[in-house]
Amino acid sequence: MIFVTGGTGFLGMHLLRALVIRGKPVRALKREKSKIPEDLFLPASIEWVEGNILDLPSLEEHMDGCEEVYHCAGMVSFQSKHRETLMKVNVEGTDNVVNVALSKKIRKLVHVSSVSAIGRPLKAIDISEATIWDSNGFNSNYGISKYLAEREVWRAMAEGLNAVIVNPTIIIGDGNWYEGSPRFFLNRWEGMRFYSSGTSGFVAAVDVAELMIRLMNSEIQQERFIINAEDWSYRDLFFNIADAMGKKRPTVQASRWLTEMIWRLEALRSVFVAHPPLISRETARISQLTYHFDTAKIKAAMGFTFTPIKKCIEDTAKIFLDDVASGKVK
């Protein structure tokens with residue numbers, strides 16, 4: 001039996017799809033009020049169980065009898081007001097998961113981290129697994145929480161846990177169009193006119209899920225891997241999303257002072273709407289930065305060919321447009 005935390009989340013959903021296709025028996029953890037994605041509601045190979053990574057008894061109960069664990073659960077937020085919750089969910093939650101995995105003597109655990117956990121150094125733009133965390137760098141509260149969560153995994157590995165860590169860049173794929181990176185597509189559809197000047201790494205959700213499974217089935221342990229297909233500018237990303245949906249490209253490059261103004265306006269707007277702001281103080285500043293991510297390690301280990309980001313954008317845009325046509329996106 002395979003145990004998956006965060007199965008209703010963005011990456012967890014893509015991982016479950018990949019496991020279901022392989023016919024693997026899966027026990028997926030969900031919080032009481034989390035909604036199961038429609039295409040994952042019926043498959044008989046998924047056993048949905050209610051619990052929380054902050055609730056040790058539920059983890060101990062539901063991980064019982066499992067041999068493999070994919071830890072995808074976590075909180076993603078770039079709003080300063082969520083700092084305390086980020087630390088509790090991402091750090092304490094991961095601590096609980098690895099401790100129970102140790103006590104249950106599971107065969108192997110794959111932990112989903114982020115390139116944010118490697119950090120954004122002040123004096124370097126080339127990031128690899130060997131990059132040293134710079135506490136004075138351009139690190140978000142989310143990145144700090146993922147860095148501290150990784151330390152719990154490394155601690156557990158020192159205590160005997162067989163585990164591998166993946167550090168994806170920005171993941172592109174279908175999901176809840178109102179949250180996370182899928183919102184890039186909704187923003188373009190609604191006519192967002194701005195793009196930022198920075199550069200980051202991007203990778204298809206299906207590729208991250210595939211590599212997680214391959215790493216789980218490999219003999220590799222006590223390693224971390226950056227998962228990144230290509231480095232793109234946000235300009236090229238947003239232009240290609242607009243083109244794939246037949247929408248007008250954004251026309252205004254947001255300077256530093258403009259992004260500072262936009263995040264303040266978004267913070268005010270979010271008071272009156274149900275969805276989180278499009279941009280926060282942290283994302284406004286990060287979006288102006290340029291970083292390049294080295295994927296030599298994962299390519300050498302897995303011999304993997306990544307999906308081109310342009311194709312990933314086109315595939316995701318088609319799903320988005322289908323959801324618009326069916327009324328799933330208002």
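Look at region 199-213: where a residue is more than 14 Å from LYS310 (Cα to Cα) and open to solvent by less than 10 Å² (accessible area, probe 1.4 Å) and a partner is part of a strand (DSSP E or B) and among the hydroxyl-bearing types (Ser, Thr, Tyr), sitting 6+ places away or on another chain with Cβ atoms under 9 Å, you get MET212/TYR70; ILE213/TYR70. Among residues of region 89-106 that are closer than 17 Å to GLY143 by Cβ and touching a residue at least 24 places away in the same chain (Cβ under 8 Å), those with a beta-carbon under 6 Å from a residue that is open to solvent by less than 40 Å² (accessible area, probe 1.4 Å) and of a type in the set (Gly, Ala, Ser) at least six positions away or on a different chain give the pairs ASN90/SER145; ASN90/ALA149; VAL91/SER145; VAL91/ALA149; THR94/ALA149.
Considering only residues in region 104-133 that are more than 27 Å from PRO57 (Cα to Cα) and among the charged types (D, E, K, R), the one that is most open to solvent (accessible area, probe 1.4 Å) turns out to be LYS123.
What is the residue count in region 37-48 for residues that are open to solvent by 40 Å² or more (accessible area, probe 1.4 Å) and touching a residue at least 12 places away in the same chain (Cβ under 8 Å)?
Final tally of qualifying residues: 3.
Working only within region 1-33, note down all residues that are assigned to a loop (DSSP other than H, G, I, E, B), touching a strand residue (DSSP E or B) at 6+ places or on another chain (Cβ under 9 Å) and over 21 Å from ARG214 (Cα atoms). Within region 1-33, THR8, ARG31, GLU32 qualify. Which of the residues belonging to region 1-30 are within 21 Å of ILE171 (Cβ to Cβ), free of Cβ contacts under 8 Å to residues at least 40 places away in the same chain and either of a type outside the set (A, V, I, L, M, F, W, C) or surrounded by fewer than 16 Cβ atoms within 10 Å (Cβ to Cβ) (or both)? Within region 1-30, THR8, ILE21, LYS30 qualify.
The values are calculated or read from the model by the stated rules, or taken from the named source; none is laboratory data. The structure presented is a predicted model; accordingly, all values stated were derived computationally and were not measured. With ideal geometry, Cβ positions are generated from the backbone for all residues, glycine too; neighbour counts draw on all protein chains shown. With ligands, DNA and RNA removed, areas are computed over all heavy atoms of the protein, side chains included. Shrake-Rupley method; radii C 1.70, N 1.55, O 1.52, S 1.80 Å.
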